[in-house]
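First the structure, in the form of structure tokens, and then the observations on it.
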Amino acid sequence: MYQEERLQGILQHMQRHERISIEEICELFDVSRDTARRDIVKLEEQGRILRTRGGAIWPTLNKEVSGYGDRLNLEPGVKRAIGRAAASLLKNGDYVFMDASTTARHAAEWIRTDNHIVVTNSMDIAGLLSPRDGFQVHLLGGTVHPVHRFIYGARTIDMLSDYQADKPLVGTGGLAEIGMTSPFEEEGYVLREMMRRADQVILLADHTKFGLHQFFRVAGLERIDMLITDQDPPPGLKEALLKHDIEIILAEGEK
């Protein structure tokens with residue numbers, strides 16, 4: 001097995017268990033302790049993990065922020081499956097908040113119901129849904145983020161305070177026992193207000209978000225009603241989700 005393949009395997013193990021020991025690397029990949037140590041050093045140099053005595057753990061703070069186009073093309077099959085499952089939960093006539101996450105954009109593509117009022121801070125979702133019959137789209141005003149294509153700011157929050165919706169379909173940068181986190185404080189306030197002003201909060205998050213802690217804490221798990229994802233969350237996170245009576249739906253289909 002090449003080193004790059006082992007490194008991916010190590011990261012996948014850590015996504016599920018949040019840590020790994022030198023002994024576990026040796027057993028999982030049938031390599032020597034010296035090779036296992038070199039793999040850990042390589043991952044630390046890449047900023048992916050933190051070395052500990054005898055192994056590695058996830059960094060507490062994840063600082064990676066990919067551009068919108070890169071995120072849209074990351075795990076596209078998984079996001080399409082989650083988006084399709086989310087869209088299937090909508091009923092004709094629902095009023096919906098949608099954020100600027102790439103998974104929410106996939107959900108917008110899969111909506112087959114009609115007579116919806118959609119409030120969004122996503123330029124892409126507004127452009128996608130506004131030409132469709134049976135949709136009334138409200139694009140929130142404010143400051144445009146040129147790279148990540150969302151609208152934010154005091155004006156955005158002020159507009160949101162006048163709306164109420166049945167459901168928000170929203171994504172997250174990270175999902176852990178502490179709740180939802182985002183790399184962007186500005187967008188985090190928009191997400192928080194969407195969740196506060198909706199009856200049933202539906203979170204869309206693929207497995208790569210599990211265990212991630214990003215810069216800004218958007219909301220605790222108590223604010224989430226339903227999680228749509230593609231894999232069972234790791235044991236600690238799943239226990240926390242179930243403790244808060246969050247329904248977990250595993251999306252089926254293209255992966």
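Here are the numbers for this structure:
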| quantity | calculated |
| --- | --- |
| Accessible area (Å², per residue) of the chain, counting only protein heavy atoms and a probe of 1.4 Å | 48 |
| Using alpha-carbon coordinates, inclination of helix 76-87 to the longest axis of the chain, degrees | 40 |
| Alpha-carbon spread of the chain, three principal axes, descending order, Å | 62, 34, 33 |
| Mean residue ellipticity (222 nm) of the chain, computed from DSSP H runs ≥ 4 via -39,500 (n - 2.57), nearest 500 | -11000 deg cm²/dmol |
| Rg/Rh for the stretch 102-245, where both radii come from Cα atoms and Rh is the Kirkwood radius | 0.95 |
| Ordering of 185-197, 211-223, 2-14, 31-43 by packing [mean C-beta count within 10 Å, highest first] | 185-197, 211-223, 31-43, 2-14 |
| Viscosity 0.692 mPa s, 37 °C: Kirkwood-radius Stokes-Einstein D of the stretch 133-180 over Cα pairs, µm²/s | 248 |
| Percent carbon-and-sulfur accessible area, the chain, ignoring ligands, DNA and RNA, probe 1.4 Å | 47 |
| Beta bridges by DSSP in the stretch 115-240, antiparallel share as percent, to the nearest 5 | 45 |
| For the chain, size of Cβ-based charge dipole, Lys and Arg +1, Asp and Glu -1, in debye | 320 |
| FRET efficiency, THR35 to GLN231 (Cβ-Cβ, R0 30 Å, nearest 0.05) | 0.60 |
| Rough spin-label spacing in nm, given labels placed 7 Å along Cα→Cβ, for ARG197 and ARG16 | 4.2 |
| Pairwise Lys count, the chain - Cα closer than 29 Å, eight or more residues apart or different chains | 28 |
| Distance in nm between pseudo-label sites at SER130 and GLU4 (7 Å out along the Cβ direction from Cα) | 4.2 |
| Paramagnetic reach from LYS91 (point 7 Å along Cα→Cβ, amide N under 20 Å) across the stretch 196-217 | 197-203 |
| Spacing of the two label points (7 Å from each Cα toward its C-beta) at GLU44 and HIS138, in nm | 5.2 |
| Average Cα contact separation per residue, the stretch 1-63, under 8 Å, 6 or more apart, as relative contact order % | 31 |
| Förster radius 22 Å - calculated FRET efficiency between LEU242 and GLU23, Cβ distance, rounded to 0.05 | 0.10 |
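The values are calculated or read from the model by the stated rules, or taken from the named source; none is laboratory data. These numbers were taken from a predicted model, which means no experiment stands behind them. Cβ sites come from the backbone with ideal geometry, for glycine too, and all protein chains shown count toward neighbours. Ligands, DNA and RNA are stripped out before the accessible areas are found, and what is left, the full protein with its side chains, is counted by its heavy atoms. Shrake-Rupley method; radii C 1.70, N 1.55, O 1.52, S 1.80 Å.
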